[in-house]
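Q: Could you have a look at this structure, given as structure tokens, before my questions?
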Amino acid sequence: MMRFRPMRRFPFPVFAALAALLMLGSPVKAATAYNITVDAGKGTSPLNRFWENCVGSDHFYTVLHSGYGGNIQSAYAVAKKELGMKSVRAHGILNDDVGIYKEDGAGNPSYNWKNYDSIMDFITSLGWRPIVELSFMPSALASGTTTTCWYNGKPANVTPPKDYVKWKNLVTEIIKHSVERYTAAEVEAWRWEVWNEPDIKPQFFTGSEDDYFRMYDYAAEGAIAANPNIRIGGPATALSDTAGMLKRFLNHCLTTNYAAPAKKSTKVDFISWHQYPWNEGDQNPTGFAGRNRGIVAFLKRYPTLKLENLQTEWNASARYNYFDDEANASFVVKSIHSLFADQNQGAPPPDVFSFWVISDIFEENNLSSTSAYAGAMGMILRQRDAKKPSFNAFRMLHMLGDSTLSVTGGTTSDRGLNGLATFSKDKSQVQVLIYDHNYGSGNNPSISTVADMVHLQINNLPFIPGKMKIERYGVDKTHSNSFTTWVNQGRPAKPSSAQWDALEADGTLKLLDSASTVTLTGTSFTKDYTQNQPGVTLLVLTGQSPTVSVAPIADGNSGAIALRGGYIGDALFISYYLPRKMKVSLNLVTPQGMRVSEVLSEAEKPAGAYRLKLGSVPVGAYYCILKSGGKVLKTVPVSVLRQ
């Protein structure tokens, strides 16, 4: 995706209507009060981290070297460590800078794997399984001379192959070599995406749509020749119109194979597509949800193909600079949350939602006149891996727990405040992520900060009474924001060492206020605070988990009575051990001593280990008491998280 590609042109009446629409959607300026309620006993389902399945990167050669000095390897490592990213997608693995393909004077192909191996060795060393975009055309195989992107003085050829059989053989050789070096099982877990945005002409492809289909067919047959289990797909369209190229592409794959006509169909394992909301009329993150619903419905028309849904590029814009300030942080969180099934009419999110891009080591345009902020699409600056606000949005998303919780009181409109909440697997933490989004218009992304009021109520906390730690992280105009620091420095094109120290420090995600500890006496927590718009806040509550053990207590080596409680799946069990025959009873009581459930009526039990399933009990914090003859033998805290 080139950031400053031409927008689609509209006739004047359409443009006038669009302009009127944008005026109606002007930034909200009045402060708003929100009552946000989290129920830690409801909506507990596994958190789908679909946005961590891949992140975008400009072109693969920057793994080895960049025209700005250094390379992108440290940014990849940070993306894995701090953001949980599991894969990477980049352009240009077939470009001349990587140098895989050449021909001699007689037209005989030769292959050089030195740079390819170095690139993939590093990527696989991170445990990543890449999306390998089969682009662009090696000069020796190209049918023309049209190129795109700066790429450090080596622009990429975007013409179809001069010989489709040689193109097919190139794909066979790259996959065969990958299998030999990384094993078949490993490479079968990669994805191979044929080209990038062939619908953007002539910037990314000079051929016709039918030329792309032919190129795809030969690539797919080349992949099958190397390994029939390879996952291959496309068409990586910029305009994700299910009535347009996506539809024609799948219909082609179902009925035609230019490379092997007798098959009458072509292998396809996924569709891929891109979306940049501003290029479609508005910098509105809710547009992702509607477009994905359309893609999900579209794929249901092709049930036999069992296709993955890969959105392999997204960001706020591919034209204007919406990438640098705090508005892109709230944009990131709102965009991702809008794709949760419970926010999007039950539609599942994409299998891959790959943000474009991880780093400002971005060579589609020559940005060498500045070393700091340059309007590039990344979330990490080119030096010292200093973070932008968008990085801190992804950082807070990665700090979420394992299961989602019910949240009410926010807005799902394109501007305003909403939130999501989770708890950790061991139920020792609850995380609440609040985002408050707003944005400018045209080439004016920055807006004035508005302070909204938030009353946050969290009910049915899964902690036992006692000490609870409170931490609140955030990014807005004045917090965790290296862009504001750079602006305050006077927007230096080449910051000094001391200025870089400040950018690096201020770009790090920080607490909004000092961590504190309170004494939790019940199961609820309330906090009132001011939320800056645009901005994002993560509240982390850490308490004492009620889940000590779920296994029967069987050893009895100490000869002592033991009592524990915990979950197995969705069921809560009480386990106890008796060192000798005893008459015992078990009761569940509130912290105030009121009995809510008789787990076991007094009965004589032989020595041994026991486990009892707890029946239906209201969500809340309780104590389980083991008695014998009216004497309390053991007491343990138990939290009921769901009914």
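Q: Quick check: the distance between the Cα centres of segment 416-493 and segment 105-122, to the nearest angstrom?
A: One Cα centre to the other: 46 Å.
Q: Set the Förster distance to 56 Å, then compute FRET efficiency between Asp104 and Arg491 from the Cβ-Cβ distance, nearest 0.05.
A: Using R0 = 56 Å, I get an efficiency of 0.65.
Q: Would you grab the residues whose amide H sits under 5 Å from the one on Ala386? Only those 5+ places off in sequence or on another chain, please, with H modelled 1.01 Å from N.
A: Answer set, sorted by chain and number: Leu381.
Q: What order do Lys80, Lys168 take when sorted by accessible area (1.4 Å probe), most exposed first? Present the calculation step by step, with values, prior to reporting the outcome.
A: Working: Lys80 90, Lys168 60 Å².
Per-residue accessible area, sorted high to low, gives Lys80, Lys168.
Q: Taking the Cβ of Ser514 as the centre, find all other residues whose Cβ is under 15 Å away and add up their charges (Lys, Arg: +1; Asp, Glu: -1).
A: On the way: positive: Lys469, Arg472, Lys510, Lys527; negative: Glu471, Asp513.
Local net charge: +2.
Q: Per 0.36 nm of contour for each residue apart, how much would the distance between Glu602 and Lys631 grow if the chain were fully extended, relative to their Cα-Cα spacing?
A: Details: separation 29, 0.36 × 29 = 10.44 nm, distance 1.19 nm.
Gain in length upon complete extension: 9.3 nm.
Q: What distance in nm separates the simple spin-label points at Thr412 and Leu511, each placed 7 Å from Cα in the Cβ direction?
A: For Thr412 paired with Leu511, the spin-label model returns 3.6 nm.
Q: Translational D (Stokes-Einstein, µm²/s) of segment 169-320 at 20 °C and 1.002 mPa s when Rh comes from the Kirkwood sum over C-alpha pairs?
A: Working: Rh = 16.2 Å.
Approximately 132 µm²/s, per Stokes-Einstein.
Q: Further, regarding this structure: To the nearest 20 debye, what is the magnitude of the charge dipole of the chain about its Cα centre, counting +1 on the Cβ of each Lys and Arg and -1 on the Cβ of each Asp and Glu? List each step's numbers first, then the result.
A: Numbers: 64 positive and 56 negative charges, 394 e Å.
Roughly 1900 debye, rounded to the nearest 20.
Q: Can you compute the helix-only [θ] at 222 nm over the chain? Use -39500 (n - 2.57) per DSSP H run of at least 4 residues, normalise by all residues, nearest 500 deg cm²/dmol.
A: Computed ellipticity for the chain at 222 nm equals -7000 deg cm²/dmol.
Q: How high is the FRET efficiency between Lys306 and Gln499 when r is their beta carbon distance and R₀ equals 51 Å, given to the nearest 0.05? Present the calculation step by step, with values, prior to reporting the outcome.
A: Numbers: r = 53 Å, r/R0 = 1.03.
After rounding to 0.05, the efficiency reads 0.45.
Q: Another one. Hey, rough spin-label estimate for Ala243 and Thr590, points 7 angstrom out along Cα→Cβ, what's it come to in nanometres?
A: 5.9 nm
Q: Here's a follow-up. Work from the charge dipole of the chain (Cβ charges, +1 for Lys and Arg, -1 for Asp and Glu, about the Cα centre) and give the residue of Ala142, Gly615, Thr508 farthest towards its positive end.
A: Gly615
Q: If you take the beta carbon distance between Arg384 and Ala297 as r and set R0 to 45 Å, what does 1/(1 + (r/R0)^6) give as a FRET efficiency, to the nearest 0.05?
A: Details: r = 45 Å, r/R0 = 1.00.
Between Arg384 and Ala297 the formula returns 0.50.
Q: Something else: Just one of [x] 98, 57, 50; [y] 96, 74, 69; [z] 82, 62, 54 is Cα extents along the principal axes in Å calculated from these coordinates, so which is it?
A: Step by step, Cα extents along the principal axes in Å for this structure corresponds to label [x].
Q: Compute the separation of the alpha-carbon centres of segment 306-381 and segment 586-643 and state it in Å as a whole number.
A: 51 Å
The values are calculated or read from the model by the stated rules, or taken from the named source; none is laboratory data. Since this is a predicted model, take the numbers as computed values, not measurements. We place every Cβ from the backbone using ideal geometry, glycine too, and count neighbours over all the protein chains shown. These accessible areas exclude ligands, DNA and RNA; they are computed on the full protein's heavy atoms, side chains included. Shrake-Rupley method; radii C 1.70, N 1.55, O 1.52, S 1.80 Å.
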